[in-house]
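Input: a single structure, listed below in structure tokens.
The values are calculated or read from the model by the stated rules, or taken from the named source; none is laboratory data. Because the structure is a prediction, the values reported are computed rather than measured. Cβ sites come from the backbone with ideal geometry, for glycine too, and all protein chains shown count toward neighbours.
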Amino acid sequence: MNTNQMASCKDLAIPGVFAIDDTGELIKASITTKLCTAEFYLQGAHLTHWQPHNHKPVLFLSDRSAFAPGKAIRGGVPIIFPWFGARTATSQSNRTDGPAHGFARTADWQLLSATMTDELLTVKLTLVANETSRALGFEHFQLLYTITFGRELSLELTVENSSQTPLCFSEAFHTYLFVQDAAQVKLEGLKGCYYYDKTDGFQRKLQEQSELQISGETDRPYVDTAAAINLHDPRLNRRITVSKTNSSTTVIWNPWAELTGKMADMSADSWKQMVCVETANAFENSITLAPGEKHTMSACISVE
């Protein structure tokens, strides 16, 4: 980010509410309102903290996260775009190169605005084509990310196709939720949904139980579902609800002990304190936009 852009960011500060810190390797924004505290980084527009008053933090952040240029942060809410997981060849492109989960989560986003309305802080950020995206074949698009901070957390991602050809993409809010013990939480809202079991050869399976309780490595993209997810955490005596619009995929992920041990940016037992509930459009639910079209996916996270 150049000096003029940094000055523009600081011009958007709201004393006592919204502050910009450029003293570290990454530029960080800090939020303190009557309803919550929060933090995000301009790299990746990456939300790393949200805590409504009188609650424990809602998002998990690894104590071994790398806060360095070009390095993905482990935890919080990474933005996945324009592919999910490893890049695979499609009918529109036979390319398979590029970083896992796309380039948006390590790109430098531009802060557009920060406004207070009725005790809610709304922040808007944008990402357009850059040298990295063009090298990967994405030259004409615009992302608009709107985050509203309050007793609830509202996330909204709008993708615009500014090219003369269709734009095909996957997207996700890769949300890491903080829990006291992943083995004890229960998730509701997935009964009757089909999912791909990535721990079992990507077999397509049916969720028959009304509740999902995690008992080992879990990596399940549930497709064709718009349902809200309720996560019950008996140790913290709370329920986190993730509701969504214009999203047809929900991903549930926990790496469990063995995989976590292979991850440099996770401490050995940190899998116990996280469950990812991801709002997404991926696999057969990927989006194709005609020239000039827009698509908005949103999620709302609440805790009680």
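When you scan the range 147-154, do you find a residue that is of a type in the set (Gly, Ala, Ser) and free of Cβ contacts under 8 Å to residues at least 60 places away in the same chain, even just one?
no
Against the conditions (1) in a loop (DSSP other than H, G, I, E, B); (2) closer than 18 Å to Lys28 by Cβ, where does Leu121 fall short? Just the number, please.
Every listed condition holds for Leu121 apart from (1).
Among the residues of the range 159-207, which ones are loosely packed, with under 15 Cβ neighbours inside 10 Å and on the phi > 0 side of the Ramachandran plot?
Of everything in the range 159-207, those that are loosely packed, with under 15 Cβ neighbours inside 10 Å and on the phi > 0 side of the Ramachandran plot turn out to be Gly192, Gly201, Phe202.
Would you call Val275 surrounded by 19 or more Cβ atoms within 10 Å (Cβ to Cβ), closer than 18 Å to Ile80 by Cα and either in contact (Cβ under 8 Å) with a residue 60 or more places away in the chain or not aromatic (Phe, Trp, Tyr) (or both)?
On the way: surrounded by 19 or more Cβ atoms within 10 Å (Cβ to Cβ): yes; closer than 18 Å to Ile80 by Cα: yes; either in contact (Cβ under 8 Å) with a residue 60 or more places away in the chain or not aromatic (Phe, Trp, Tyr) (or both): yes.
When the stated conditions are applied, Val275 passes them.
Among Ala89, Ala38, Ala19, Ala72, which is in contact (Cβ under 8 Å) with a residue 24 or more places away in the chain and out of contact with any Gly (no Cβ under 9 Å at 6 or more places or on another chain)?
Ala38 is the lone residue from the list that is in contact (Cβ under 8 Å) with a residue 24 or more places away in the chain and out of contact with any Gly (no Cβ under 9 Å at 6 or more places or on another chain).
Determine, yes or no, whether Glu278 is in contact with a His (Cβ under 6 Å, 6 or more places away or on another chain) and either in a helix (DSSP H, G or I) or at pLDDT 95 or above (or both).
Yes; evaluated as a whole, the condition is true for this residue.
Kindly indicate the residue of the range 5-43 that is assigned to a loop (DSSP other than H, G, I, E, B) and among the β-branched types (Val, Ile, Thr) and also farthest from Leu155 (Cα to Cα) among those meeting that condition.
Thr23
For the range 95-118, indicate whether the set of residues that are part of a helix (DSSP H, G or I) and in contact with a strand residue (DSSP E or B) (Cβ under 6 Å, 6 or more places away or on another chain) is non-empty. Outline the logic, then answer.
Keep residues of the range 95-118 that are part of a helix (DSSP H, G or I), which gives 104-106.
Right, trim to in contact with a strand residue (DSSP E or B) (Cβ under 6 Å, 6 or more places away or on another chain) and you get 104-105.
For the range 95-118, residues part of a helix (DSSP H, G or I) and in contact with a strand residue (DSSP E or B) (Cβ under 6 Å, 6 or more places away or on another chain): present.
Residues are listed down the side, and each one gets a yes or a no for (1) surrounded by 15 or more Cβ atoms within 10 Å (Cβ to Cβ); (2) farther than 21 Å from Met116 by Cα; (3) out of contact with any strand residue (DSSP E or B) (no Cβ under 9 Å at 6 or more places or on another chain):
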position: Thr23; (1), (2), (3): no, yes, yes
position: Lys28; (1), (2), (3): yes, no, no
position: Thr33; (1), (2), (3): yes, no, no
position: Leu42; (1), (2), (3): yes, no, no
position: Ala45; (1), (2), (3): yes, no, no
position: His55; (1), (2), (3): yes, yes, no
position: Ser65; (1), (2), (3): yes, yes, no
position: Arg74; (1), (2), (3): yes, yes, no
position: Val77; (1), (2), (3): yes, yes, no
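If the requirement is being under 25 Å from Asp63 (Cβ atoms) and buried (at least 21 other Cβ atoms within 10 Å of the Cβ), which of these qualifies: Ile229, Ile240?
Ile240
Listed here are the residues, each with its yes/no results for (1) acidic (Asp, Glu); (2) buried (at least 20 other Cβ atoms within 10 Å of the Cβ); (3) within 24 Å of Thr148 (Cα to Cα); (4) within 21 Å of the chain's Cα centre (by Cα).
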site: Met263; (1), (2), (3), (4): no, no, no, yes
site: Ala268; (1), (2), (3), (4): no, no, no, no
site: Cys300; (1), (2), (3), (4): no, no, yes, yes
site: Val303; (1), (2), (3), (4): no, yes, yes, yes
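Go through the range 248-270 and give me each residue that's closer than 17 Å to Gly192 by Cβ and either assigned to a loop (DSSP other than H, G, I, E, B) or among the charged types (D, E, K, R) (or both).
If the condition is that a residue be closer than 17 Å to Gly192 by Cβ and either assigned to a loop (DSSP other than H, G, I, E, B) or among the charged types (D, E, K, R) (or both), then Ser248 is the only one that fits.
Consider Val303 against the criteria (1) touching a residue at least 12 places away in the same chain (Cβ under 8 Å); (2) more than 21 Å from Pro57 (Cβ to Cβ): it satisfies all of them except one. Which criterion is unmet?
That leaves (2) as the condition not met.
Give, as residue ranges, the strands (runs of 3 or more DSSP E) completely inside the range 168-247 that count at least 2 residues that are under 18 Å from Ala86 (Cα atoms) and touching a residue at least 12 places away in the same chain (Cβ under 8 Å).
Correct list: 171-173, 194-197, 218-223.
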